[in-house]
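The values are calculated or read from the model by the stated rules, or taken from the named source; none is laboratory data. All figures in this text were calculated on a predicted structure; none of them were measured in a lab. For neighbour counting, all protein chains shown are included, and Cβ atoms are generated from backbone atoms with ideal geometry for every residue, glycine included.
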Amino acid sequence: MAGKVERTTELQQHWPNILDAVKQRRRFTWLLLSQNAQLASYDGSTVVLAFINQGAVDNWVSSNSVAVLEETLDALLGIRPTVRQIVDKQLPDSTSSRPLPTTLPVPSLPSQPPMARVGEESAEDGGGMEGALMTVLAQTAHLLHEQGNNQAAALLLDVDDVEIVPGNRFGDWQDAVLIVPPYLVSRFTKEAIDSIQPVFGHVAERHEIEIRSVSAAPALPKVDENWRQALQQRLTQGTASNQAARTRSKSSGAVLGADGFVFDSREEMRVYEALKRQQEVLPADSSVSIFPLPMGRVATGSVWTPDFLVAVAGRIGIIEVDGPHHKGRLAADATRDRHWRNSGIVHIERILVEETSVDSEIDDLVGAFLKRLREYR
């Protein structure tokens, strides 16, 4: 049987491919791994990552990047080890002398070259408008970080491309469209766009590009000449399930999934894992059933999709994982909850995204939800 040293060496040989695969899933996690960490050891059950400082560790943990690496290792090598992180002060520090804030997930970013004009070509930016737009994107992220708006800066790390569209039918000005994985579009709330737009426009103007507004759009699915056959096969083989709306994102390569389910966010995946942990410790004859993102039609004719439908002890409850976009939807959420209750849903729990960063906290919330559901009279 291979020892710890042999297993570590073998995993190190795969590490470049692992980093490439992580980058395809989430650039934010790839930046953290490639610039702030090294593989320290692997004993067959636990991967230990050595980070350059505690700030990098805090960024890694708070951004749910562990789940991204775990998914990548499972998909690439068929292994599901526990991922642990340590601080190794002997590692070369690639960050600037000023420490990064640790309250929000912002990795250390590489320094940028001086601003280049749109027509200037370089080996780094690829030249032309496309290269200039990616430079604008990078410098906007840096400026937002410098201004203390770490949340908006972190959002831009997951932008795959920037497209320019006419601002009106006469082409008097241009608008920028940030192309992101489909499951991330909802993160670009009005509040987030309002923070990004003036900075992006300012940087673009200094590159002699006039941008009037900024928006976000999902990356288009990858298709080939056999798309009809592929779609027909999916439609006829049962993929048109209650999760059909989510499975459309599979072809874009930006999928969050586990056990055959597709999720809209990493926070939903963490709640799902917490529900599974509860399921594993309960007796088989009194356990829980978990239904992620099922569609349901209520008496008013509305069709909605709760994040989780949970059945335990003959009772049905719902868990909703609420992100920033729910701040302006309190009335709509209350109306929806009332209709669910009128349909026999005995308990509805709303978990804030901010409450999903630590496993123990999620376990407490899910445990309390199940207890209330069992004790409902």
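Here are the numbers:
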| quantity | calculated |
| --- | --- |
| Single condition residue 272 does not satisfy, out of (1) under 25 Å from residue 71 (Cβ atoms); (2) touching a His at 6+ places or on another chain (Cβ under 9 Å) | (2) |
| Residue tally, condition crowded, with 21+ Cβ neighbours inside 10 Å and assigned to a helix (DSSP H, G or I), over the range 38-67 | 4 |
| Any hit, the range 189-202, residues being out of contact with any His (no Cβ under 6 Å at 6 or more places or on another chain), farther than 14 Å from residue 137 by Cβ, surrounded by 15 or more Cβ atoms within 10 Å (Cβ to Cβ) and in contact (Cβ under 8 Å) with a residue 40 or more places away in the chain | yes |
| Options 137, 133, 184, 220: the member that is of a type outside the set (Gly, Ala, Ser) and exposed (fewer than 15 other Cβ atoms within 10 Å of the Cβ) | 220 |
| Some residue of the range 17-29 being within 30 Å of residue 142 (Cα to Cα), without any contact (Cβ under 8 Å) to a residue 12 or more places away in the chain, touching a helix residue (DSSP H, G or I) at 6+ places or on another chain (Cβ under 6 Å) and not aromatic (Phe, Trp, Tyr) | yes |
| Candidate set: the range 175-192, residues that are out of contact with any helix residue (DSSP H, G or I) (no Cβ under 9 Å at 6 or more places or on another chain) and not charged (D, E, K, R); chosen: the one nearest to residue 267 (Cα to Cα) | 185 |
| Inter-residue pairs, beta-carbon under 6 Å, first closer than 12 Å to residue 39 by Cα and in the range 73-89, second surrounded by 12 or more Cβ atoms within 10 Å (Cβ to Cβ) and hydroxyl-bearing (Ser, Thr, Tyr), 6+ apart | 84/46 |
| Top-ranked residue of the range 212-271 - restricted to ones that are under 19 Å from residue 183 (Cα atoms) and of a type in the set (Ser, Thr, Tyr), ranked as modelled with the highest pLDDT | 215 |
| Residue 72 buried (at least 16 other Cβ atoms within 10 Å of the Cβ), modelled with pLDDT under 80 and β-branched (Val, Ile, Thr) | no |
| Hits in the range 11-36 - residues which are buried (at least 18 other Cβ atoms within 10 Å of the Cβ), touching a Phe, Trp or Tyr at 6+ places or on another chain (Cβ under 6 Å) and farther than 23 Å from residue 54 by Cβ | 11 |
